[in-house]
Amino acid sequence: MSFGIASFVKTPGVTPLKTRLAATIGANEAELFYKLSCDAVFATVVNSSMAAGDQAYWAVTENSEVTKEYWRSLPLIEQGEGTLGERLANVYDTLLSKHDIAVIVGSDCPQITSSLVKTAVEIVKSTGRLVMGPASDGGFYLFAFNKELDRKFFTSVKYSAVNTRKQILVRCQKRGIVVELMRQLTDVDVIDDINLVATEFHMMDALTPEQAKINKWCEKYGS
């Protein structure tokens, strides 16, 4: 069974990035964080998709020549128009049309590891469960499953809310879908999240070179 893993991204210089973080540390530093985080996620998703048939993708917000040039390191999937729920549904459906298992990850959680991704995929393969990586803000940094989901599953959720993940769990329960949660991680939305990410880095056995680089950046804002 092959899997496709797509990281949701916005293009620097085209779409505003990490606006809540930028309000505190400035747009340039927020963009630097975003670029470093994308580098770390890129290394993770590429290292996790090594078997024949597996493939990593960038799921891009924009549809432009600038976007295609910037994200040329991986094949692109266009998120399409609409709300986040509609765009999640688009990317999920696209992945399942190409692979047996669809995996979606965020681009602002650089602590995610290839072993975590592989574990999530193995759980889906062996149990048929939907796997989520819970984020500390109530959302999720990873979503993996191998069954078709109606678009309302995604579009009826209120995102960027403290109960986003709980809403999805309720929808799974109503559909008889068993969910397995991975360990909780922090994705970065505001400056206080940076310290939490640094703490999670320090708890890891080893960092990739890309993670080590963003960990050093985090030290500038450590308390």
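Testing Ser7 on (1) crowded, with 20+ Cβ neighbours inside 10 Å; (2) under 27 Å from Arg151 (Cα atoms); (3) without any contact (Cβ under 8 Å) to a residue 24 or more places away in the chain; (4) small (Gly, Ala, Ser), one condition comes back false. Which one is that?
The number of the failed condition is (3).
If you check every pair at least six apart or on different chains, which have Cβ atoms under 6 Å apart with a residue in the stretch 115-132 that is touching a residue at least 60 places away in the same chain (Cβ under 8 Å) first and a residue that is part of a helix (DSSP H, G or I) second?
Final answer for the pair search is Val117/Ser48; Lys118/Ser48.
Inspect the stretch 177-198 for any residue being touching a residue at least 24 places away in the same chain (Cβ under 8 Å), in contact with a strand residue (DSSP E or B) (Cβ under 8 Å, 6 or more places away or on another chain), under 14 Å from Leu130 (Cα atoms) and surrounded by 16 or more Cβ atoms within 10 Å (Cβ to Cβ) and give the result as yes or no.
Among the residues of the stretch 177-198, at least one is touching a residue at least 24 places away in the same chain (Cβ under 8 Å), in contact with a strand residue (DSSP E or B) (Cβ under 8 Å, 6 or more places away or on another chain), under 14 Å from Leu130 (Cα atoms) and surrounded by 16 or more Cβ atoms within 10 Å (Cβ to Cβ), which makes the answer yes.
Taking the stretch 151-175 as the region of interest, how many residues are in a helix (DSSP H, G or I) and free of Cβ contacts under 8 Å to residues at least 40 places away in the same chain?
Residues flagged as in a helix (DSSP H, G or I) and free of Cβ contacts under 8 Å to residues at least 40 places away in the same chain within the stretch 151-175 amount to 11.
Using the structure shown, decide if Ser48 is more than 17 Å from Ala102 (Cβ to Cβ) and hydroxyl-bearing (Ser, Thr, Tyr).
no
If Arg20 satisfies every condition in (1) within 17 Å of Cys109 (Cβ to Cβ); (2) crowded, with 17+ Cβ neighbours inside 10 Å; (3) not hydroxyl-bearing (Ser, Thr, Tyr) but one, which is the exception?
(2)
Is at least one residue of the stretch 180-190 among the basic types (Lys, Arg), within 17 Å of the chain's Cα centre (by Cα) and under 26 Å from Thr83 (Cα atoms)?
Checked against the condition, which is being among the basic types (Lys, Arg), within 17 Å of the chain's Cα centre (by Cα) and under 26 Å from Thr83 (Cα atoms), the stretch 180-190 yields no hits at all.
Scanning for something under 21 Å from Gly139 (Cα atoms), of a type in the set (A, V, I, L, M), buried (at least 19 other Cβ atoms within 10 Å of the Cβ) and in contact with a Ser or Thr (Cβ under 8 Å, 6 or more places away or on another chain), does the stretch 64-83 turn up at least one residue?
no
Filter the stretch 101-142 down to residues that are among the hydrophobic types (A, V, I, L, M, F, W, C) and surrounded by fewer than 21 Cβ atoms within 10 Å (Cβ to Cβ) and give me whichever is farthest from the chain's Cα centre (by Cα).
This residue is Ile123.
Free of Cβ contacts under 8 Å to residues at least 24 places away in the same chain, under 23 Å from Gly139 (Cα atoms), aliphatic (A, V, I, L, M) and assigned to a helix (DSSP H, G or I): does that describe Ala22?
So Ala22 fits the description; yes.
Which ones in the stretch 84-100 are farther than 11 Å from Phe8 by Cβ, of a type in the set (A, V, I, L, M) and either over 15 Å from the mean Cα position of the chain (by Cα) or surrounded by fewer than 23 Cβ atoms within 10 Å (Cβ to Cβ) (or both)?
Hits for the stretch 84-100 are Ala89, Leu96.
Any read-out appearing in this document is the output of simple, stated calculations on the displayed coordinates, not a laboratory observation. As the structure is a computational prediction, the values presented were derived from the model and not from experiment. Every residue, glycine as well, gets a Cβ built from its backbone with ideal geometry; the counts of neighbours run over all protein chains shown.
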